[in-house]
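K.L.:
One structure follows; several queries about it will come next.
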C-alpha cells in the first residue's frame with residue numbers, strides 16, 4: 001500500500017467515524033462559537049476598535065478550537081490502542097501522519113466555514129468583496145500550518161500524562177509565525193485600502209512548506225515508542 | 001528445526017536507569033507456540049514490544065527471518081508481523097464488520113487468500129454482533145474482535161500480549177483452537193501470559209525474572 005493510499009484509507013475511516021459521531025466538529029465549533037459570543041458580549045467596541053481586534057479574535061478562535069480538535073482526533077486513536085496498530089501496519093508512520101493531518105485540516109476548515117461568517121456577524125464587521133479571497137487564502141494556509149504542527153505534537157503527546165495542558169504549551173509557540181501572519185493578512189482583508197502587509201504571505205507559505213517536509217519526517221522518526 | 005523465524009539477540013532495553021529487559025537471547029521457530037511468562041514487571045511486555053519493533057532496543061538486535069534490526073521494522077517486515085497488544089487495537093465507533101473492513105485495507109490483505117469478514121466474524125462468535133458498534137461490546141467480545149483482526153492478517157509471526165484477557169471459558173477455548181490452527185499453518189506464535197492454560201498446547205515456556213531469562 002503506497003503512503004498516499006494508506007493515508008486516504010485512514011482519512012476515510014476518520015471521516016466515517018466523524019460523520020457518525022460528529023464529536024470533533026461539534027466540540028471545535030461549539031467552543032469557537034463560545035469564544036466569539038463571549039467576546040462580542042464582553043467588549044462593547046466601536047467600528048474602528050472592532051476592525052482593529054477582529055483579526056486577532058478570528059485567529060485566537062481558530063487556534064484555540066483547532067487545539068481541541070487535534071486533541072479529540074488523537075484521543076480517538078488512543079482509546080483502545082488503535083494508534084499502535086496503525087503504526088505497525090505496512091502503510092507505515094508517514095501514511096498515518098498524512099491521514100491524521102488531512103483529517104485535522106478538513107475538520108478545522110469545516111468549522112471555519114461555519115464560525116467565520118458567524119464571527120463577522122457577531123462582531124458586526126463587514127468583509128469587502130476584494131478581501132474575501134485574501135481571507136480565504138490566509139485561513140487555508142494558516143489552518144494547514146496549524147494542522148501539520150498540531151498533528152505532529154498531538155501524536156507525540158498522545159500517551160503523555162497532562163497532554164491536554166502540554167499540547168497548547170508546545171504547539172502555540174511553534175505556530176506564532178502563522179498567528180502573526182494570519183492576523184496581519186486578515187486585517188488587510190478587512191481593510192484592503194490599508195497598506196499591504198508585505199512578506200507575510202510568503203512567511204505563511206514558507207512555514208507550511210517547511211512543516212510539509214519536516215513534520216512527517218519527525219513523526220516517522222519519533223513515533224516508534 | 002530450521003532457521004529461527006524470530007530471534008532476540010542479546011536484547012536489552014532500559015527506561016532511564018532501570019533495565020526492563022537485559023541481555024535476552026531467544027529464538028522462535030515456525031509452527032511453534034512460545035509462552036513468555038514471569039511475574040509482574042519481569043519485562044514480558046517490553047520484550048514483546050521489542051520483538052514487534054515497537055520499542056527500540058538499548059542494546060542488541062531483533063532478527064526477523066534472519067534479517068537483523070535495531071529499531072522500527074521496514075514495511076515488508078511489518079507486513080509479516082501480527083501484533084495484539086495489551087489493548088485490542090480496534091475502533092469503538094466502528095462496528096465489528098467495519099473494523100475488519102478497515103484493517104483488511106490497512107494490512108493489504110489479499111482477498112483471494114483471506115477468509116471473508118463473515119467467516120472471520122463467525123469463527124470468533126461475533127456474527128450476531130457484527131453490525132453493532134465495538135463500543136457496545138463487552139471486554140471479551142472486543143478481544144474476540146481483536147482475534148478476528150489477527151486471523152484476518154494471518155501474518156507468519158503472531159505476537160500476543162495477554163490474549164486471554166476478558167475471555168470467558170468459551171472464548172478461551174476459541175483462543176486455544178485459533179492458536180493451535182495458527183501453529184498448524186506454520187505460524188510462529190509468541191504470547192505473553194500469566195496463565196498458560198488458555199493458550200492450549202505450548203511448545204516452549206520462556207520465563208523472565210527481573211528482565212533476564214530465568
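The values are calculated or read from the model by the stated rules, or taken from the named source; none is laboratory data. The shown structure was predicted, so the numbers you read here are calculated from the model rather than taken from an experiment. Counting neighbours? That spans all protein chains shown, and the Cβs are built from the backbone with ideal geometry, glycine included.
K.L.:
Does the range A:183-208 hold any residues that are modelled with pLDDT of 95 or more and either surrounded by fewer than 13 Cβ atoms within 10 Å (Cβ to Cβ) or touching a strand residue (DSSP E or B) at 6+ places or on another chain (Cβ under 8 Å) (or both), and which are they?
P.N.:
A:202, the sole residue that qualifies.
K.L.:
For residue B:166, all conditions in the list (1) modelled with pLDDT under 95; (2) within 14 Å of chain A (Cβ to nearest Cβ); (3) outside any loop (DSSP other than H, G, I, E, B) hold save one; what is the number of the exception?
P.N.:
Checking residue B:166 against (1) modelled with pLDDT under 95; (2) within 14 Å of chain A (Cβ to nearest Cβ); (3) outside any loop (DSSP other than H, G, I, E, B), the one that fails is (3).
K.L.:
If a residue must be modelled with pLDDT of 95 or more and on the phi > 0 side of the Ramachandran plot, how many such residues does the range B:187-214 contain?
P.N.:
0
K.L.:
Right, another one. Of (1) in a helix (DSSP H, G or I); (2) in contact (Cβ under 8 Å) with a residue 12 or more places away in the chain; (3) more than 18 Å from residue A:218 (Cβ to Cβ), residue A:145 satisfies all except one. Which?
P.N.:
It fails just one condition, (3).
K.L.:
Still on this model: Quick check on my filter: what residues within the range A:173-225 are away from chain B (no Cβ under 14 Å), assigned to a helix (DSSP H, G or I) and free of Cβ contacts under 8 Å to residues at least 24 places away in the same chain?
P.N.:
Selection gives A:173, A:176, A:180, A:200, A:202, A:206, A:209, A:210, A:213, A:214.
K.L.:
Here's another thing I want to ask about it. Is there a residue being closer than 21 Å to residue A:88 by Cα and not in a helix (DSSP H, G or I) anywhere in the range B:114-132?
P.N.:
yes
K.L.:
So is residue A:165 out of contact with any strand residue (DSSP E or B) (no Cβ under 7 Å at 6 or more places or on another chain) and at pLDDT below 95 or not?
P.N.:
Yes.
K.L.:
Please pick out the residue among A:111, A:102 that is surrounded by fewer than 22 Cβ atoms within 10 Å (Cβ to Cβ), part of a helix (DSSP H, G or I) and in contact with a helix residue (DSSP H, G or I) (Cβ under 7 Å, 6 or more places away or on another chain).
P.N.:
A:102
So that you can scan it fast, the table gives a plain yes or no per residue for (1) free of Cβ contacts under 8 Å to residues at least 24 places away in the same chain; (2) in contact with a helix residue (DSSP H, G or I) (Cβ under 6 Å, 6 or more places away or on another chain):
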| residue | (1), (2) |
| --- | --- |
| B:112 | yes, no |
| B:133 | no, no |
| B:189 | no, yes |
| B:206 | no, no |
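K.L.:
Could you list all residues from the range B:56-77 that are more than 16 Å from residue B:155 (Cα to Cα), out of contact with any strand residue (DSSP E or B) (no Cβ under 6 Å at 6 or more places or on another chain) and in a loop (DSSP other than H, G, I, E, B)?
P.N.:
B:56, B:66, B:71, B:72 - these are the residues of the range B:56-77 that are more than 16 Å from residue B:155 (Cα to Cα), out of contact with any strand residue (DSSP E or B) (no Cβ under 6 Å at 6 or more places or on another chain) and in a loop (DSSP other than H, G, I, E, B).
K.L.:
Conditions first: (1) within 11 Å of chain A (Cβ to nearest Cβ); (2) assigned to a loop (DSSP other than H, G, I, E, B); (3) in contact with a helix residue (DSSP H, G or I) (Cβ under 8 Å, 6 or more places away or on another chain). Residue B:83 passes all but one, so which condition is the exception?
P.N.:
(2)
K.L.:
Here's a check for you: in the range B:86-102, which residue that is in a helix (DSSP H, G or I) and in contact (Cβ under 8 Å) with a residue 40 or more places away in the chain is nearest to the other protein chains (Cβ to nearest Cβ)?
P.N.:
Residue satisfying both the conditions and the ranking: B:99.
K.L.:
Next up: If residue B:196 meets every condition in (1) touching a strand residue (DSSP E or B) at 6+ places or on another chain (Cβ under 7 Å); (2) surrounded by 21 or more Cβ atoms within 10 Å (Cβ to Cβ) apart from one, which number is that one?
P.N.:
Failing condition for residue B:196: (2).
K.L.:
Determine whether the range A:91-105 contains at least one residue that is within 14 Å of chain B (Cβ to nearest Cβ) and more than 29 Å from residue A:139 (Cβ to Cβ).
P.N.:
Looking through the range A:91-105, at least one residue is within 14 Å of chain B (Cβ to nearest Cβ) and more than 29 Å from residue A:139 (Cβ to Cβ).
K.L.:
Restricting to the range A:52-84, name every residue that is at pLDDT 85 or above and over 22 Å from residue A:150 (Cβ atoms).
P.N.:
Matches in the range A:52-84: A:52, A:53, A:54.
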